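J.: Please read through the structure below; I'll follow up with questions.
Each reported figure results from applying straightforward, stated rules to the coordinates on display, with no laboratory input. Computed from a prediction, not measured in an experiment: that's the story for all the values here. For neighbour counting, all protein chains shown are included, and Cβ atoms are generated from backbone atoms with ideal geometry for every residue, glycine included.
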There are 2 protein chains.
Amino acid sequence: MTRTVNLQMRLVTRPRGVPQLADFAPVRAPVRRPGDGEILVCNHYLSVDPAQRGWANDEGNYSAPVPLDTPMRALAVGEVVESRSPGIGEGDFLYGWFGWQSHCTTTPDAILRRVTPSALPLSANLSLLGINGLTAYLAFNGLGKPQPGEHVLVSTAAGSVGSFVGQLARLAGCRAVGLTSSAEKAALARERYGYADMIDYRSENDLPAAIRRACPDGNDIFFDNTGGAIADAAIRSMRRSGRMIQCGTASIASWSPPPTGLRPEREVLTRRLHWAGFIIFDHVAAFPEAADELTRLALSGALVYDEDVLLGLEQAPAALAGLYEGRNRGKPIIRLEAAT
Amino acid sequence: MTRTVNLQMRLVTRPRGVPQLADFAPVRAPVRRPGDGEILVCNHYLSVDPAQRGWANDEGNYSAPVPLDTPMRALAVGEVVESRSPGIGEGDFLYGWFGWQSHCTTTPDAILRRVTPSALPLSANLSLLGINGLTAYLAFNGLGKPQPGEHVLVSTAAGSVGSFVGQLARLAGCRAVGLTSSAEKAALARERYGYADMIDYRSENDLPAAIRRACPDGNDIFFDNTGGAIADAAIRSMRRSGRMIQCGTASIASWSPPPTGLRPEREVLTRRLHWAGFIIFDHVAAFPEAADELTRLALSGALVYDEDVLLGLEQAPAALAGLYEGRNRGKPIIRLEAAT
């Protein structure tokens, strides 16, 4: 133990909608030594995720909001530097709820997955092998049940989840079409992420018509990270017995007051849709096997992943705000001093 | 063959929304003798179903609209009076697409199920053993996957499907709460259809609050025949991993122009809902086994069914329009001369 200062990025005001820079403040706190049963983790890489908006807000979500004046809730990869927990040793690498901070003193229930050495760099545990790749893999296969020859539509197709869904769809023998917010990202998704065709929805006046053009046979699977007008159009492209996977609602700036949209009941009924919500943290038990398979696919060259690695904890709030503006290219990851 | 006149109730104008009396006209047509491979069925009982609105409209549905100046598409129970189809004999009773008419000359693909003699009256093949009972049984069990102790909410709970769902929920060890449109029907559903509690939604100013009062623990299954404001409120009562079964959209007067409502994406996501559409005609292969089980339950006294039997084909249009006004008590069935 040479470090005694824990550099933290705390949530200091409750965001309304997308968290902004002013909602966070850097704080230097003392490192707390682990008590009985605890571990001290030195973080190497921190994750920046769209889901953090929901964790920071208090609109009622699937988890309690982050308390004010504590480090922002975040996933991270770190190294155990002190352990008073049986079965966890110094030098072990872990993926878990270690927060936006340089050090985390915690109990083992914060661990999502032990990081096994592989030929992939450590940061990949926050992208391909983190909740982005795991969500794409477990939601697309588990709820999408893709069959060869099926048609797949994906919103935020060039994003940190969508970039994997396109590739997994192609590997499953499906034809994938993606939606994204710029011509540049559309080209990237076509060239790199397995998409047969892309729709730059910001350049389309008539989104339903654009979907009909790009998906003339309709869609068997809609993998949705946005909700909103994109979902309204997508549901009307679904084929009979289609599966809709709700993985996020990024296009909805605020749920208070409740926004309205086209009623989906008739589409659900007449098209016999199966529409299901997916929260990755329900599936922690499946992480090790999924991570092994994703590692195998990446090492064989069948799956690529892109990261946008930023140096230093102070970059985290802007990286989060930038996610909602579509500014990032690849999964945003904060690299800390320990990783250098 | 003593009969030569086929009394038909034809669809003569395309309804806008709910079919009205003026959309139909009685016509006396000749009975057509069956050709090779065909059968001639003499109808005893005709079905009146909410789904007929969708079949009569041309808004785009799961089936092509009924052609004008032909007998209204309808399910019926009839007796084979002449057969030129192998395996079907005179005197056989059948349940199938025989239309609002006294006689039907058709091919065997119009048959949904052979009616096996049982201790139940013939009309039960259009209620308990028809699409109402079969929908309740197959949708509730197949998509609802009820577990003992779970909580179930049902719209149109006193209706021809909901009256069975409440009973099946209670048989499965669930607590069922229903929605209906009058105090009288609420009392009937409580006393006769297995509902632990009922909400008369027409007497409630604040439907979400009424659901919270009647379902203080939330709901694991929502069996929805209405859509609309009831569905908006119900989805917000769902517990984690709840199942929503879309069996109908009776509360929506017209889908053109497309109506709007509260966006469901966030509820689907954060509550990990499974929302699926159910069309009974996808499940014809399961009819015989389901009908056997429903017969067994009815004969044992575990399941009751109510019919609103009207005498004469000329009653059919008013019975259909009355369905949407909640006027019927029990499943409306038209009894024809052959059944007397």
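J.: How many partner chain Cβ atoms sit within 10 Å of a residue's Cβ in peptide A:273-281, on average, as a whole number?
T.: For this peptide, the per-residue mean of nearby foreign Cβ atoms is 6.
J.: Convex hull over the Cα atoms of chain A, averaged projected area in nm²?
T.: 16.7 nm²
J.: Shifting gears a bit: Let me have the relative contact order for chain B, percent, based on Cα pairs under 8 Å that are six or more residues apart.
T.: Rounded, it is 18 percent for chain B.
J.: Still on this structure: Name the long-range amide H neighbours of A:Arg243: under 5 Å, sequence gap of 5 or more, or other chain; modelled H, no Pro or chain starts.
T.: The list, which skips near neighbours in sequence, is A:Ile221, A:Phe222, A:His274.
J.: OK, next. Amide H neighbours of B:Ala74 under 5 Å, counting only residues 5+ apart in sequence or on other chains, H built in-plane at 1.01 Å?
T.: Amide H to amide H, under 5 Å and 5 or more residues apart or across chains, B:Ala74 pairs with B:Phe98, B:Gly99, B:Trp100.
J.: I've got another one for you. With a/c under 1.5 counting as rounded, go ahead and sort the range B:131-281 into rounded, prolate or oblate using the C-alpha gyration tensor (a ≥ b ≥ c being the square roots of the eigenvalues; past the cut-off, prolate if a/b is larger than b/c, else oblate).
T.: rounded
J.: Once each part is reduced to its C-alpha centroid, what is the distance from the range B:4-48 to the range A:154-171 in angstrom?
T.: With the range B:4-48 and the range A:154-171 each reduced to a Cα centre, they are spaced 52 Å.
J.: Right, another one. To test your reading of the geometry: what angle, between 0 and 90 degrees and rounded to tens, separates the Cα axis of helix B:162-171 from the longest principal axis of chain B?
T.: For helix B:162-171, the angle is close to 60 degrees.
J.: Write down Rg/Rh for the range A:1-148, rounded to two decimals, with Rg from the C-alpha atoms and Rh from the Kirkwood relation over Cα pairs.
T.: 1.00
J.: Follow-up question, since we're still on this one. Mind checking the angle between helix A:183-192 and chain A's longest principal axis? C-alpha axes, 0 to 90 degrees, to the nearest 10.
T.: Helix A:183-192 and the main axis of chain A meet at about 80 degrees.
J.: Two decimals is fine: what's Rg over Rh for the range A:195-261, C-alpha atoms, Kirkwood radius as Rh?
T.: Expressed as Rg/Rh, it is 0.97.
J.: Mind checking the range B:1-109 for GluC sites (Glu not before Pro) that DSSP puts in a loop (not H, G, I, E or B) and that have at most 13 other Cβ atoms within 10 Å?
T.: Listed in order of number, the matching sites are B:Glu90.
J.: To continue, here is another question. Roughly what % antiparallel, to the nearest 5, for the DSSP beta bridges in the protein assembly as shown?
T.: Of all bridge pairs located within the protein assembly as shown, approximately 60 percent are antiparallel.
J.: What share of the DSSP beta bridges in chain A is antiparallel, in percent to the nearest 5?
T.: So the antiparallel bridges amount to about 55 percent of the total.
J.: Same structure, new question: If I fit a long axis through the Cα atoms of helix A:287-299 and take the longest principal axis of the Cα atoms of chain A, what angle between them do I get, 0 to 90°, rounded to 10?
T.: 70 degrees
J.: Note down the relative contact order for the range A:131-281 as a percent, whole number, built from C-alpha pairs under 8 angstrom at least six residues apart.
T.: 21 percent
J.: Roughly speaking, what is the centre-to-centre gap between the range B:292-328 and the range A:209-237 when only Cα atoms are used, to the nearest Å?
T.: Taking the Cα centre of the range A:209-237 as reference, the centre of the range B:292-328 is 40 Å away.
J.: Report, largest value first, the span of the C-alpha coordinates of the protein assembly as shown along each principal axis, in whole Å.
T.: Reported extents, whole Å, longest axis first: 103, 51, 41.
J.: Further, regarding this structure: Hey, if you put +1 on the Cβ of every Lys and Arg and -1 on every Asp and Glu Cβ in chain A, which of A:Ala319, A:Ser160, A:Gly87 ends up farthest toward the positive end of that dipole?
T.: The listed residue farthest towards the positive side: A:Ser160.
J.: Treating only the Cβ atoms of Lys and Arg (+1) and Asp and Glu (-1) as charged, compute the dipole magnitude of the range B:98-202 about its Cα centre; round to the nearest 20 debye.
T.: 120 debye
J.: Sticking with this structure for a sec: State, to one decimal in nm², a quarter of the convex hull surface area for the C-alpha atoms of the range B:129-174, i.e. the direction-averaged projected area.
T.: Convex hull of Cα atoms, orientation-averaged projection: 2.8 nm².
J.: Nearest 5 percent is fine: what portion of the DSSP beta bridges confined to the range B:131-281 is antiparallel?
T.: 0 percent
J.: Which far-off residues, 5 or more places away or on another chain, put their amide H under 5 Å from the one on A:Glu82, with H placed in the peptide plane?
T.: Close amide H contacts, sequence-distant or interchain: A:Leu40.
J.: Now a separate question. Helix-only estimate, please: 222 nm mean residue ellipticity of chain A, summing -39500 (n - 2.57) across DSSP H runs of length 4 or more and dividing by its residues, to the nearest 500.
T.: Only helices count here, giving -6500 deg cm²/dmol.
J.: Among the lysines, which fall within straight-line cross-link reach of B:Lys331, defined as a Cα-Cα distance under 30 Å, with same-chain neighbours fewer than 8 residues apart omitted?
T.: B:Lys145, B:Lys185
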